Ligand SMILES: Nc1nc2c(ncn2[C@@H]2O[C@H](COP(=O)(O)OP(=O)(O)OP(=O)(O)O)[C@@H](O)[C@H]2O)c(=O)[nH]1
Ligand SMILES: [Mg+2]
């Protein structure tokens, strides 16, 4: 795979549409984010240009004059790729390429490219390929041989890493084929999920803006080895692991794909199945990067995606991560505020601070497999049952009487059911 030698982001500032309620990224912030995205895709950014204009030019988005200027600037820094922080219509993309004589990529294609690089499982790869094919289809018209570059994004990752077919009919056929394969993969996943759901175990889903630290948190809570990385969209495939709460109840924690502002629509639908984990979760942990200047904007975007997934009304805990990067005093006052009963927990996944509180809060919010106080008298020879209680219940007192153990414990219902015959009083 070859990384683009140089890229030059370019942005047109859209006029505000007059909807005030959600905090919005301004053009500079948006361009800074595009830069991070470009770097996550392996590009080296050699320059950026911001244009303010009242109305977009329907044929070239930014106007032919401006494009000539950019073509000159790009030539002088030997940029071989132009990135637009706006989605381009298929004809705009073609018109721009004709003027600048360089490859032109829009924000959606860039994100598709990153997804293609990061998909690890078969399902993830198929989902990205489907999104790429759907993105390409309307862009075929008027393309000739250079079409083989179109799907490649920054690198040369075309759909499924295969040489791109130029023929529309072949692409349709490929889409059908990918859809069928996805169907198979999903059937297997649904079966696995059914098996999981037969046990009374709650699922807790981590969601949040890309790079908020979901995978890092997932790893410290589950001691798993999921990739965490400064690159955006490091996680594409949902990962599920068990976590034991302070009450000794088990829950399943699920790490998911990060969200981003204006997540390309093709990707939202492609990843809908993956995000089913979020829709099925009993509790959602919304992870934010507390150190980001843009965390309010990012939170607003997460809110939009949760609404799209119809998961906005689920019980939710807000986890402000990366407090180690905050000023000590600020961090302390935030943590003190949160202790007064807000729905927010402050943690540092990297330093491990706040994790006990986090687990305790999860424990308090989970309703599955409720915990109750039991008094038990268990014959000492029932080693298995005693071991079960040691592992899955919180034992407060323990006395030995006539070959039996008398216990007082808090145990989840699933355990109580198995020790019912020894309950006393
Ligand atoms: N300082 C600091 N850095 C953190 C913390 N948690 C995560 N990071 C860093 O933030 C970056 C992103 O972390 P990830 O865990 O990959 O983030 P993510 O939310 O899973 O990202 P995507 O999978 O891309 O959506 C990595 O470089 C982590 O090392 C934290 O508590 N403190
Ligand atoms: Mg991740």
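Any read-out appearing in this document is the output of simple, stated calculations on the displayed coordinates, not a laboratory observation. Keep in mind it's a predicted model, so treat the numbers as computed, not measured. Cβ sites come from the backbone with ideal geometry, for glycine too, and all protein chains shown count toward neighbours.
At what distance in nm do the modelled label points of residue 57 and residue 296 sit from each other, each positioned 7 Å from its Cα along Cα→Cβ?
Distance between the two pseudo-spin positions: 3.6 nm.
What is the ratio of the Cα radius of gyration of segment 348-425 to 2.2 N^0.38 Å, with N the residue count, to two decimals?
1.33
Hey, fewest Cβ within 10 Å first, where do 172, 400 land in order?
The fewest-first ordering by Cβ neighbours comes to 400, 172.
Please give the Cα centre distance for segment 378-421 versus segment 24-70, rounded to the nearest Å.
If you average the Cα positions of each part, the centres end up 65 Å apart.
Over segment 8-111, calculate the relative contact order: mean separation of alpha carbon pairs under 8 Å at least 6 apart, over the residue count, as a percent.
35 percent
At a 10 angstrom cut-off on C-beta neighbours, averaged per residue, how do the peptides 305-317, 73-85 rank from highest to lowest?
Packing proxy ranking, top to bottom: 73-85, 305-317.
Starting from the Cα-Cα distance between residue 50 and residue 193, subtract it from 0.36 nm times their residue separation and give me the gain in nm to one decimal.
Net length gain for the segment: 46.8 nm.
Using a Förster distance of 41 angstrom, determine the FRET efficiency expected from the C-beta separation of residue 180 and residue 400, and round it to 0.05.
After rounding, the FRET efficiency stands at 0.05.
Hey, if you drop one equal point scatterer on each alpha-carbon of segment 265-396 and run the Debye formula without solvent, what base-10 log of I(q)/I(0) do you get at q = 0.15, 0.19 Å⁻¹?
-0.88, -1.13
When all alpha-carbon pairs of segment 254-342 are counted, what percent fall beyond 21 Å?
When all Cα pairs of segment 254-342 are counted, 37 percent exceed 21 Å.
Beta carbons within 10 angstrom, averaged per residue: use that to sort the peptides 390-396, 122-128, 412-418, 378-384, highest first.
Those peptides, ordered most packed to least, come out 122-128, 412-418, 390-396, 378-384.
Between residue 355 and residue 310, what is the label-point separation in nm under the 7 Å Cα-to-beta-carbon projection?
3.6 nm
Would you give the gap between the C-alpha center of segment 247-273 and the C-alpha center of segment 91-126, rounded to a whole Å?
22 Å
At 7 Å along the Cα-to-beta-carbon direction for both residue 384 and residue 329, put a label point, then send me their distance in nm to one decimal.
Placing both labels 7 Å beyond Cα along the Cβ direction yields 6.2 nm.
What's the FRET efficiency of residue 365 with residue 223 using the Cβ-Cβ distance as r and R₀ = 25 Å, to the nearest 0.05?
0.65
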